[in-house]
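Okay, so here's the structure we're looking at.
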Amino acid sequence: MATSKTKHVQTLILGGGITGLATAYALQKRGMSDYLVLEANPVPGGLCATTTQNGYQFDFGGHFLHLHTPKGKKIVQELLGTNLKKHARKAFIYTNGMKVPYPFQSNLWALFPEVRAICVEGLKRIEPQTPQNFEQWCLQSFGWGLYEAFFRPYNEKLWGKPLRELSCDWCGPFVPAPARKQMLQSATHKPAHPQGYNAAFYYPKKGGIGALIQALVKQINPVRLNSRLTHLDLKNRTAWINGKEKITFDHVVNTLPLPDLVACLEGNATLKKSAQKLESRPVTIYHLALARKLEPFHWIYCPDPAQPFYRVGMVNSFYPEAVPDKETSLLWVELPGQIPHTPDMEQKIWNGLYQKGLVNEDDVSLFSAWQDVPHAYVLFNAERAQRVPALLAALEKQGCYCVGRYGRWEYSFMETSLLQGDQIAQKLANLL
């Protein structure tokens, strides 16, 4: 393999998304400035980035800051200062003609009477047992009525798999599971307080979620852009970038998707074979600007199979700067899988939005754009449960530390990325 030059750094950081940048920021704060961040794209941020086209600003879908720890709040406040606003969630489920406040299981009062009766009966008939998969977890948590009314259709649409093929080790922080008594009470009374981990969220006042990335970039060494990892030799602590540049290191922090990293390893046939079994669910995002100001909402879940999308959000409902004209609206539409960017699919999306009452016959499209997210959701299945812990342990033994949603092949918050970046920096500091 040809090399043009060699560079050595104490810590090589693979990936200039939020986790890689947070790691560099934490290293910098500890006086450990001998690091290099490599990013394959021409701009930093990865999926945590804001794009501007035709005067409209949009992220890769909904990128909200759910801050649950003092440390996470402190890091974000250090970076964004006053450029941060807290929002009370406005989210709904639109299904089978019903508009139900999120979370579905805490708002049975909003269901049609016949659906509500079935959900209540299902809750009363739950027989406790230890769930072995996501389907069983849903049935144990919510009963068969809620399972059929929302959880099965929505999650099968999102994940593209029967729920019995998914594990339930990820559910706790992400799927609100109120006590059965609370859910039954919600059949006759609206909840006194919003439920779920995302009852409120934070978002920058200016700059979109990209403002967080820019704040990180200002605090660290320059990120090396257009620099793709093509080969990694952990035994000899050497990485090749773009097939020619050689970089040696003492430690490497990986934030790239775990299977992509392992595919670049020198040797390690066993690890490569194991990583090839890991799966993820891609998502396609369609952005649409309308020449009308819609009634504000943050996001809507759409489990019905008749619509091609599973979620729709309204950017300017929480970020007014997203639109150049305040009398317009900017939507993002999330579709499960790799969806063709065709006029026919655009029409299907428009028809689905019309059926949900989100657009009308007189609406005019001012702007549209597509985005693809290849590894949007890690599949939590038996293969992941069996292989990921062993992969991470084997890599760390060789001086490669995997962090972040994709580096650790998990489902997590942006706050988790910031915290894991700080934690790995402290771990590396302890090794000195």
**Prompt:** What strands (runs of 3 or more DSSP E) completely inside region 208-278 contain at least 1 residues that are basic (Lys, Arg), over 30 Å from Gly55 (Cα atoms) and out of contact with any Asp or Glu (no Cβ under 8 Å at 6 or more places or on another chain)?
**Reply:** 245-254
**Prompt:** When you scan region 412-429, how many residues do you find that are of a type outside the set (Gly, Ala, Ser) and modelled with pLDDT under 95?
**Reply:** 1
**Request:** Give the residue, chosen from Gly399, Gly352, that is of a type outside the set (Phe, Trp, Tyr), surrounded by fewer than 22 Cβ atoms within 10 Å (Cβ to Cβ), at pLDDT 95 or above and not assigned by TED's automatic domain parsing to the domain that holds Gly45.
**Result:** Gly352
**Request:** Give just the number: which of (1) touching a residue at least 40 places away in the same chain (Cβ under 8 Å); (2) out of contact with any Leu (no Cβ under 8 Å at 6 or more places or on another chain) does Gln276 not satisfy?
**Result:** (1)
**Item:** Tally, over region 365-388, of residues that are among the aromatic types (Phe, Trp, Tyr) and in contact with a helix residue (DSSP H, G or I) (Cβ under 8 Å, 6 or more places away or on another chain)
**Value:** 2
**Asked** In this structure, does Pro173 turn out to be at pLDDT 95 or above and loosely packed, with under 15 Cβ neighbours inside 10 Å?
**Response** no
**Complete:** Within region 395-432, residues of a type in the set (S, T, N, Q), assigned to a helix (DSSP H, G or I) and over 24 Å from the mean Cα position of the chain (by Cα) come out as Gln426, Asn430
**Message:** Going by what's in this entry, would His189 be described as over 22 Å from the mean Cα position of the chain (by Cα), free of Cβ contacts under 8 Å to residues at least 60 places away in the same chain and part of a loop (DSSP other than H, G, I, E, B)?
**Reply:** no
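Residues are listed down the side, and each one gets a yes or a no for (1) part of a helix (DSSP H, G or I); (2) among the small types (Gly, Ala, Ser); (3) under 30 Å from Ala393 (Cβ atoms):
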position: Arg281; (1), (2), (3): no, no, yes
position: Glu295; (1), (2), (3): no, no, no
position: Ile300; (1), (2), (3): no, no, no
position: Val312; (1), (2), (3): no, no, no
position: Asn316; (1), (2), (3): yes, no, no
**Asked** Within the bounds of region 239-252, is there any residue that is touching a residue at least 60 places away in the same chain (Cβ under 8 Å), surrounded by 14 or more Cβ atoms within 10 Å (Cβ to Cβ) and out of contact with any Lys or Arg (no Cβ under 9 Å at 6 or more places or on another chain)?
**Response** no
**Fill in**
Selection from region 235-258 of residues touching a His at 6+ places or on another chain (Cβ under 9 Å) and farther than 19 Å from Ile13 by Cβ yields Gly243
**Complete:** When restricted to Trp370, Trp409, the only residue surrounded by 15 or more Cβ atoms within 10 Å (Cβ to Cβ), under 21 Å from Asp59 (Cβ atoms), at pLDDT 95 or above and of a type in the set (Phe, Trp, Tyr) is Trp370
**Message:** Just to be sure before I move on: is Thr328 β-branched (Val, Ile, Thr), modelled with pLDDT under 95 and over 25 Å from the mean Cα position of the chain (by Cα) in the structure I sent?
**Reply:** no
**Request:** Would you check if Leu27 is modelled with pLDDT of 95 or more and more than 30 Å from Leu366 (Cα to Cα)?
**Result:** yes
**Request:** Could you please find all residues in region 317-333 being surrounded by fewer than 21 Cβ atoms within 10 Å (Cβ to Cβ) and within 21 Å of Lys90 (Cα to Cα)?
**Result:** Ser317, Pro320, Glu321, Lys326, Glu327, Thr328
**Qualifying residue in region 280-292 (condition: surrounded by 15 or more Cβ atoms within 10 Å (Cβ to Cβ), under 30 Å from Asn381 (Cα atoms) and of a type in the set (Lys, Arg))** = yes
**Complete:** The condition from (1) assigned to a helix (DSSP H, G or I); (2) farther than 25 Å from Phe201 by Cα that Gln129 misses is numbered (1)
**Asked** Can you name every residue in region 155-181 that is closer than 15 Å to Gln105 by Cβ and either in a helix (DSSP H, G or I) or among the aromatic types (Phe, Trp, Tyr) (or both)?
**Response** Asn155, Cys171, Gly172, Phe174, Arg180, Lys181
**Fill in**
So, first residue closer than 22 Å to Leu379 by Cβ and free of Cβ contacts under 8 Å to residues at least 60 places away in the same chain in region 119-134, second residue loosely packed, with under 11 Cβ neighbours inside 10 Å and among the acidic types (Asp, Glu), Cβ within less than 7 Å, six or more apart or across chains; the pairs are none
**Request:** Determine, yes or no, whether Leu379 is modelled with pLDDT of 95 or more and among the hydrophobic types (A, V, I, L, M, F, W, C).
**Result:** yes
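The values are calculated or read from the model by the stated rules, or taken from the named source; none is laboratory data. As the structure is a prediction and not an experimental result, all values here were calculated from the model. Please note: Cβ atoms are built from the backbone with ideal geometry, for glycine as well, and neighbour counts cover all protein chains shown.
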